[in-house]
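Before any comments, here is the structure.
The values are calculated or read from the model by the stated rules, or taken from the named source; none is laboratory data. Just so we're clear, the structure is a prediction, and the values are computed from it rather than from any experiment. Reconstructed Cβ throughout: ideal geometry from the backbone, glycine too, with neighbour counts over all protein chains shown. These area figures cover heavy atoms from the full protein model, side chains too; ligands, DNA and RNA do not enter into them. Shrake-Rupley method; radii C 1.70, N 1.55, O 1.52, S 1.80 Å.
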Amino acid sequence: MANRQPFTDSDTADEAVRSTCDDATISKRYATSRGYWTDPYVQYFARSVGERKAPEINRGYYARVRGMNHLLDAFLRKTKCDCQIVNLGAGLDTTFWRLKDENLMPRKYFEVDFPMIVARKIHNIKTKPPLSKPLIETHSTDSLLLDGHCLDSDRFCIIGTDLRDIQGLDEKLRKFHLNPELPTIFLSECVLVYMTPDQSSKLVNWASDTFHTAMFVNYEQVNMMDRFGQVMIENLQRRQCNLAGVEVCQSLESQKERFLKTGWENADALDMMTVYSVLPQDDVARIEHLEFLDEKELLQQLLQHYSICWATKDKLKLGLSQVAF
């Protein structure tokens, strides 16, 4: 049998990536059960709180959630919610419901992921009224499109497709009324790293080519060339999870470069230790009292190996380059 390239057409590799979706959801459910942040909706996507997670993992997820939300909410304020959100590789994320509760709804919220994950999410929405009710409340007619791999309402759309298929992605988003003239924010969390550098560059280039006023926020690994980074890579490889895009994760500079080389006007990046240190410190002090952390050095190492990179282009001159921490 011919050798197949990892993360292009390998079913085993794709299945390993899909499993990371459950890891994130279970970890978020556990952290919220301990009081790190509030998310009344994650319980509908993770059946149980699951086994205990180490305090450094909980703090890592806290920094990730707070950091991503900070930039997203700042974009929504800059655009006065007259915008679109496209969550790439959204998994079982609950941001749509948070934004509805906080009265921060964009014109339309799009999610994209593998068809298999989308089917699971749609099944959960259909069978759990706390998830379906907010969706119905934001829809103006009696009927909404709902099938195995697709959900479309006035304000929320979930699409099953492969992010490596740019043409298919573009066609499906346009079919469900993605508007290239509206300011648009793209969110991705530990998604681009599973694509080859060429594939992720094509995706971020498509976003910058298609939208004249946009922001892209990417959370993933960084500083992966040192010993700690190599251990992270080996741990994932044991689960058949190969980081096909790890060379872009060498440094904050290499993260920014991916965007600056593909048509974005501005790009910035911080490691998560820095993000953690600039989050509202009264809340950081609160969560640090939730659990005793013995290995402060391990937390620091962990946070130094993840980053948030954000890029903007701003034809409408909304001041998007000012969105920062």
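Taking every protein chain into account, the accessible area of the range 187-325 amounts to 46 square angstrom per residue (probe 1.4 Å).
Working out 0.36 nm times the residue gap between K202 and L260, then minus their Cα-Cα distance, what length gain in nm do you get to one decimal? Working shown, then result.
On the way: separation 58, 0.36 × 58 = 20.88 nm, distance 1.28 nm.
Length gained, K202 through L260: 19.6 nm.
At an R0 of 22 angstrom, the distance between the Cβ atoms of L298 and T38 translates into a FRET efficiency of 0.25.
Under 21 Å between C-alpha atoms is the cut-off here; go through the range 207-325 and count lysine pairs that meet it, provided they're at least eight residues apart or on different chains. Intermediate results must be reported in sequence, preceding the final value.
Values: K256/K313; K256/K315; K261/K313; K261/K315.
The number of close lysine pairs in the range 207-325 is 4.
Between I166 and E137, the contour length at 0.36 nm per residue exceeds the Cα-Cα span by 7.2 nm.
Pop out the Kirkwood hydrodynamic radius of the chain from its pairwise C-alpha distances, inverse of mean 1/r, in Å to one decimal.
Details: mean 1/r = 0.0496 Å⁻¹.
Result for the chain stands at 20.2 Å.
Ranking of M215, M273, M232 by solvent-accessible surface, largest first: M273, M232, M215 (1.4 Å probe, protein heavy atoms only, all chains present).
If you roll a 1.4 angstrom probe over the protein chains with everything in place, what fraction of the accessible area of the range 184-224 belongs to carbon and sulfur, to the nearest %? Heavy-atom surface of the range 184-224 belonging to carbon and sulfur, 1.4 Å probe: 46 percent. A Förster distance of 25 Å, applied to the separation of the beta-carbon atoms of D23 and E234, puts the FRET efficiency at 0.90.
Rounded, prolate or oblate: which fits the range 248-325, taking a ≥ b ≥ c as square roots of the Cα gyration tensor eigenvalues, rounded meaning a/c under 1.5, else prolate when a/b beats b/c? Because a/c hits 1.5 or more and a/b fails to exceed b/c, the range 248-325 counts as oblate. What lysines sit close enough to K128 to cross-link, taking a C-alpha to C-alpha distance under 24 Å and skipping anything fewer than 8 places away on the same chain? Cα-Cα hits under 24 Å: K28, K100, K108. The spread of Cα positions in the range 43-117, taken along each principal axis and listed from longest to shortest, comes to 41, 29, 20 Å.
Can you tell me what percent of all Cα-Cα pairs in the range 178-269 are more than 18 Å apart? Looking at the range 178-269, the distances longer than 18 Å represent 45 percent of pairs. When the square roots of the Cα gyration tensor eigenvalues are ordered a ≥ b ≥ c, the ratio a/c for the range 119-162 is 1.5 or more and a/b does not exceed b/c, which makes its shape oblate.
The chymotrypsin sites (Phe, Trp or Tyr not before Pro) of the range 221-311 meeting both criteria, a DSSP state outside H, G, I, E and B (loop) and at most 16 other C-beta atoms within 10 angstrom of the site's C-beta, are F292. Dividing the helix sum by the residues of the chain, where each DSSP H run of 4 or more adds -39500 (n - 2.57), gives a mean residue ellipticity at 222 nm of -13500 deg cm²/dmol.
Residues considered: H177, H289, H212. Largest GNM mean-square fluctuation over the chain, using C-alpha springs under 10 Å, is found at H289. As an exercise, identify the trypsin sites (Lys or Arg not before Pro) in the range 51-85 lying in DSSP coil whose Cβ has no more than 13 other Cβ atoms within 10 Å. Of the trypsin sites (Lys or Arg not before Pro), the ones in loops of the range 51-85 whose Cβ has at most 13 other Cβ atoms within 10 Å are R52, K80.
Quantify, in whole percent, the carbon and sulfur part of the accessible surface of the range 133-183 (1.4 Å probe; protein heavy atoms only). The nonpolar share, carbon plus sulfur, comes to 50 percent. D154 to K317: FRET efficiency via 1/(1 + (r/R0)^6), r the Cβ-Cβ distance, R0 25 Å, to the nearest 0.05? For R0 = 25 Å, the calculated efficiency reads 0.30.
What shape does the range 37-175 have by the C-alpha gyration tensor, where a ≥ b ≥ c are the square roots of the eigenvalues, rounded means a/c under 1.5, and otherwise prolate means a/b greater than b/c and oblate the rest? Working shown, then result.
Details: a/c = 1.39, a/b = 1.26, b/c = 1.11.
It comes out rounded by the Cα gyration axes.
Semi-axes of the equivalent ellipsoid for the range 75-126, please: Cα gyration tensor eigenvalues, times 5, square-rooted, ordered largest first, whole Å. Please report the intermediate quantities before stating the final value.
On the way: eigenvalues 103, 29, 11 Å².
Result for the range 75-126: semi-axes of 23, 12, 7 Å.
Looking only at GluC sites (Glu not before Pro) in DSSP loops with at most 13 other Cβ atoms within 10 Å, what is the longest site-free stretch of the chain? Formally, the longest exposed-site-free interval is 182-294. Summarising the amide proton neighbourhood of N87: residues at separation of 5 or more, or on other chains, whose placed amide H is nearer than 5 Å comprise F110, E111, V112, L187.
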